Amino acid sequence: MDSLKRRIVKDGIVVDKNILKVDSFLNHQVDLNLMYEIGTYFKNYFEEYKPTKIFTIESSGIAPASMTALQMKLPMVILKKKTSKILNDNIYQTVIHSFTKSVDYNLTLSKKYISTGDRILIIDDFLAKGEAASGAIRLVESAGAKVSGIGIVIEKSFQPGRKLLESKGYKIYSLARIRSLEHGQIKFC
Ligand code: 5GP
C-alpha cells in the first residue's frame with residue numbers, strides 16, 4: 001500500500017534496529033482517513049474468505065480493525081489484555097508476551113462473542129515475533145472457531161512472525177513489509 005509506505009517514511013521514527021514508532025498516525029494520534037483506506041485494502045483482500053467477525057487486540061489494532069469491520073459490515077471484537085488471570089467459566093484466556101513492553105498479558109475473550117461456526121479475521125497494527133497473533137489464534141481455536149486470515153498493517157519481515165504463522169498454514173496479508181531498520185533507515189521488502 002503505497003500511501004502507507006510513504007507515511008511510514010515521512011512520519012515513522014526508528015527507535016532502534018527492532019522498533020519503529022508510528023505514534024503520529026497509528027498508535028497515539030490516529031489518521032482516520034488513512035485507517036479507512038487500510039480498511040478498504042483489507043476488505044478487498046479478505047472478502048473472498050468470507051469472515052464472520054473481525055478480532056483485534058487492544059489497543060493499537062482497534063483503529064484499522066474498526067475501519068475494516070465497518071466496510072465489511074461485520075462485528076468487531078477487541079481482545080483484552082488483562083494483567084491478571086481471571087478464574088471464570090465465561091471467558092477464554094491465554095498468556096502472550098509483549099517484547100516491546102517486556103511484560104506478559106492474559107489475552108481475554110468472552111465466550112459470548114464467538115461460536116463454533118465463526119470464521120475470524122484477525123487484524124493488528126504490527127507483526128514482529130507473532131506472539132500477539134498466535135495468542136489470538138489460540139483463543140479462536142479454543143472456541144472451536146476458525147481463523148480465516150490475518151491482516152497486518154506493518155510487518156517487520158526481519159523478525160520471525162510471518163514464518164511462524166505461515167508454517168502453521170495461516171494466511172497473512174501485510175500492507176507494508178519492512179526488510180530492515182538498520183542504521184536508522186527504513187527499508188521495505
Ligand atoms: P508480536 O506479538 O508479533 O511480537 O508483536 C506485535 C505486537 O507488538 C503488536 O501488537 C504491536 O502492538 C507491538 N509491536 C511490535 N513491534 C512493534 C514496533 O516496532 N512498533 C510498535 N509501535 N509496536 C510494535
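Structure above, values below:
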{"read-out": "Residue selected from the range 158-171 under the condition away from the ligand (no atom under 11 Å from the Cβ) and either of a type in the set (D, E, K, R) or touching a residue at least 40 places away in the same chain (Cβ under 8 Å) (or both), by the criterion surrounded by the most Cβ atoms within 10 Å (Cβ to Cβ)", "value": "LYS171"}
{"read-out": "Candidate set: the range 9-36, residues that are hydrophobic (A, V, I, L, M, F, W, C) and part of a helix (DSSP H, G or I); chosen: the one farthest from the ligand (Cβ to nearest atom)", "value": "LEU32"}
{"read-out": "Test: residue in the range 114-123 that is part of a strand (DSSP E or B), more than 12 Å from the ligand (Cβ to nearest atom), of a type in the set (Lys, Arg) and in contact (Cβ under 8 Å) with a residue 40 or more places away in the chain", "value": "yes"}
{"read-out": "Residue check, ARG138 more than 10 Å from the ligand (Cβ to nearest atom), farther than 23 Å from ARG6 by Cα and either over 14 Å from the mean Cα position of the chain (by Cα) or part of a helix (DSSP H, G or I) (or both)", "value": "yes"}
{"read-out": "PHE55 vs. criteria in contact with a helix residue (DSSP H, G or I) (Cβ under 8 Å, 6 or more places away or on another chain) and modelled with pLDDT under 95", "value": "no"}
{"read-out": "Considering residues of the range 71-102 that are among the hydrophobic types (A, V, I, L, M, F, W, C) and open to solvent by 100 Å² or more (accessible area, probe 1.4 Å) only, the residue farthest from the chain's Cα centre (by Cα)", "value": "LEU87"}
{"read-out": "Residue match in the range 126-133 (condition: at pLDDT 95 or above, assigned to a strand (DSSP E or B) and within 25 Å of ARG7 (Cα to Cα))", "value": "yes"}
{"read-out": "Which numbered condition ARG6 misses (of (1) over 16 Å from the mean Cα position of the chain (by Cα); (2) within 15 Å of the ligand (Cβ to nearest atom); (3) surrounded by fewer than 17 Cβ atoms within 10 Å (Cβ to Cβ))", "value": "(2)"}
{"read-out": "Selection status of VAL95, among the hydrophobic types (A, V, I, L, M, F, W, C), part of a strand (DSSP E or B), touching a strand residue (DSSP E or B) at 6+ places or on another chain (Cβ under 9 Å) and more than 28 Å from TYR41 (Cβ to Cβ)", "value": "yes"}
{"read-out": "All positions within the range 20-33 that are open to solvent by less than 50 Å² (accessible area, probe 1.4 Å) and farther than 15 Å from GLY61 by Cβ", "value": "LEU20, SER24, ASP31"}
{"read-out": "Given (1) open to solvent by 50 Å² or more (accessible area, probe 1.4 Å); (2) outside any helix (DSSP H, G or I); (3) closer than 19 Å to ALA133 by Cβ, index of the condition THR56 fails", "value": "(1)"}
{"read-out": "Unique residue being more than 13 Å from the ligand (Cβ to nearest atom) and either open to solvent by less than 40 Å² (accessible area, probe 1.4 Å) or closer than 20 Å to ILE172 by Cβ (or both) when the list is GLY39, GLY61", "value": "GLY39"}
{"read-out": "VAL15, sole failed condition from (1) within 15 Å of the chain's Cα centre (by Cα); (2) open to solvent by 60 Å² or more (accessible area, probe 1.4 Å); (3) at pLDDT 95 or above", "value": "(1)"}
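The values are calculated or read from the model by the stated rules, or taken from the named source; none is laboratory data. No experiment lies behind these values; they were computed from the predicted model shown. For neighbour counting, all protein chains shown are included, and Cβ atoms are generated from backbone atoms with ideal geometry for every residue, glycine included. Each accessible area value is taken on the protein alone, full model and side chains, heavy atoms only, with ligands, DNA and RNA left out. Shrake-Rupley method; radii C 1.70, N 1.55, O 1.52, S 1.80 Å.
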